1. What number of residues in segment 21-43 are open to solvent by 60 Å² or more (accessible area, probe 1.4 Å), closer than 24 Å to residue 55 by Cα and assigned by the TED database to the domain that holds residue 56?
2. Taking the conditions exactly as written (in a helix (DSSP H, G or I), open to solvent by 50 Å² or more (accessible area, probe 1.4 Å) and touching a residue at least 12 places away in the same chain (Cβ under 8 Å)), does residue 51 satisfy them or not?
3. Somewhere in segment 4-20, is a residue in contact with a helix residue (DSSP H, G or I) (Cβ under 7 Å, 6 or more places away or on another chain), surrounded by 11 or more Cβ atoms within 10 Å (Cβ to Cβ) and among the hydroxyl-bearing types (Ser, Thr, Tyr)?
Amino acid sequence: MSGATRRRRAIASVVLWWGGLTLLLWLGSRAAGQPTDLARCAASAVLLVAVGDAGDWLRRRWRAYRRSRSMRLPPA
């Protein structure tokens, strides 16, 4: 897979998560009887997606770090 294809797939994934979460927040606010505009839900969804992606990135980095560290340690 080329770098451009990988980048397009990552962008599409984030946009789909963002759109779905926006819709979920908007419908949830409607169901709770506290309707809000779609722009506020979209802004909240951007924050949630950014925090989720940052957490996923940190999790993957931590796992790679732990894996490389276990390979370096001599057997006990």
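The values are calculated or read from the model by the stated rules, or taken from the named source; none is laboratory data. What you see is a predicted model; the values in this text were computed from it and never measured. Please note: Cβ atoms are built from the backbone with ideal geometry, for glycine as well, and neighbour counts cover all protein chains shown. Note: areas computed on protein heavy atoms with side chains; ligands, DNA, RNA excluded. Shrake-Rupley method; radii C 1.70, N 1.55, O 1.52, S 1.80 Å.
1. Qualifying residue count, segment 21-43: 2.
2. no
3. no
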